[in-house]
1. Over the chain, with the other protein chains present, what is the accessible area per residue in square angstrom, probe 1.4 angstrom?
2. Restricting to Cα pairs below 8 Å that are 6+ residues apart, what does the relative contact order work out to for the chain? Please round to a whole percent.
3. What are the extents of the Cα atoms of the chain along their three principal axes, in Å, largest first?
4. Once the piece of chain linking ARG292 and SER184 is laid out straight, how much longer is it, given 0.36 nm per residue of separation minus the C-alpha distance between them?
5. What does the helix-only formula give at 222 nm for the chain: each DSSP H stretch with n ≥ 4 adding -39500 (n - 2.57), the total divided by the residues, and the result rounded to the nearest 500 deg cm²/dmol?
6. With a/c under 1.5 counting as rounded, go ahead and sort segment 5-117 into rounded, prolate or oblate using the C-alpha gyration tensor (a ≥ b ≥ c being the square roots of the eigenvalues; past the cut-off, prolate if a/b is larger than b/c, else oblate).
7. Quick one: how many lysine pairs in segment 128-365 have C-alpha atoms under 24 angstrom apart, if they're 8 or more apart or on different chains?
8. What is the angle, in °, between the Cα long axis of helix 277-291 and the longest principal axis of the Cα atoms in the chain? Nearest 10 is fine, range 0 to 90.
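The values are calculated or read from the model by the stated rules, or taken from the named source; none is laboratory data. The structure displayed is predicted, hence computed values, not measured ones. No Cβ is skipped: glycine too gets one built from the backbone with ideal geometry, and neighbour counts run over all protein chains shown. We work out accessible area using only protein heavy atoms, side chains counted, and drop any ligands, DNA or RNA first. Shrake-Rupley method; radii C 1.70, N 1.55, O 1.52, S 1.80 Å.
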Amino acid sequence: MRPELAEIVKRFRFEGDYLGANPYGTGHINDTFVAHFANLGNTSRRYILQRINHTIFEKPEELMENIEAVTRHLRRKITAAGGDPERETLNLIPTADGGSFHRTEDGNYWRAYNFIEHAQTYEVAENPVHVRNAAKAFGRFQSLLSDFPSGQLNETIPDFHNTRKRFEALVDAVERDVRNRARSVQAEIEFAVRRADDAPVLLDLLEKGELPERVTHNDTKFNNVMIDDESGEGICVIDLDTVMPGLTLYDFGDSVRSAANTAAEDEQDLNKVRFDLGVFEHLAHGYLDAARGFLTPREADYLPFSARIMTLECGVRFLADYLDGDVYFKTHRDSHNLDRCRTQFKMVADMEGSFDQMRRIVELYR
Ligand code: ADP
Ligand code: GN1
Ligand code: MG
């Protein structure tokens, strides 16, 4: 039993007697645990307990305000539609004094959620039905939040998907070169620089008013949607830290980046890493089934491009973090961020080669 967790657990209104907790999931940012409890009659229950990374999310209070407001809104919409709000949205467990998080004396922030049972997240997409349903869940998530007053949301990470600034950060990292790594990654730096003209495309359209700002998730990794064990539906979109005003294209693009890779995000053997056009078709199909009704023609036009740019942006972020000495994403080996960057760039190159086919697929389903 982790003693520090036993203390944290006391601060939340959990049901039952605390049995213990284990690290859970594979996220790159927060620390996630599953906490087990025994209830009367020998039944057991579990909860998700998370320590928020407050170096990256600098204002955890504001972040939790967002999550409270967004989950309240989702609960209301899901209930009105006859759904099950206990499973179709995250539900915060209140602290003993009725708050949504607990701040420890040493300045850490903790929150807890109901554990969604009989559903799983997957690291790599294996089942086409899951893929289609995950994309549909992300589209539905945007749709459920389409009437949420976006002015109420705090920006939890400023300029999160400002691709232009992500490129500038890479250039700065190359100049600083704090770990003397730049010389060994010239090929990757050049790969990014050759594509610098792509960086401002979506931002320019947003600034010109040609793409609408909406409430979006902004981190639509395949493992951020829970897939129901029985129905295979994308039952619940999780990991709500980055729900902010954004472009629908960020969510679609990032879902392709994550799910349409034939290998893991950190695969070291690049021969295994390919952009899977069949998976792209399932994603486009599922997403458009949920989003067709509200997307503008311009948003639909840019769906294929969004996949390329979000994958490039993520690769640029991994590369910048590698050069900065691995200070942002959690890493488990020396070259971890570089390996991740390389898979993303391999995917970008593949997408460039398949771009006409990606456009034809989107035309089919829009
Ligand atoms: P991170 O920000 O670190 O990615 P997540 O919020 O995505 O953290 O949680 C990590 C993993 O924990 C998820 O991929 C999922 O498998 C599991 N998880 C998170 N929330 C729940 C929940 N409410 N019920 C069941 N599993 C969950
Ligand atoms: C991080 O927290 P996690 O693992 O879901 C990152 C995303 C990246 C992703 C790449 C807040 O997501 O933006 O796309 O890693 N989240 C944050 O795997 O930076
Ligand atoms: Mg996650």
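1. Working: 16570 Å² over 366 residues.
Dividing the accessible area of the chain by its residue count gives 45 Å².
2. This gives 18 percent for the chain.
3. 61, 49, 39
4. Contour length minus the Cα-Cα distance gives 34.4 nm.
5. Values: 13 runs with 162 residues, N = 366.
Dividing the helical sum by the residues of the chain leaves -14000 deg cm²/dmol.
6. Because a/c hits 1.5 or more and a/b fails to exceed b/c, segment 5-117 counts as oblate.
7. Lysine pairs satisfying the spacing and distance rule in segment 128-365 number 11.
8. So the inclination is approximately 60 degrees.
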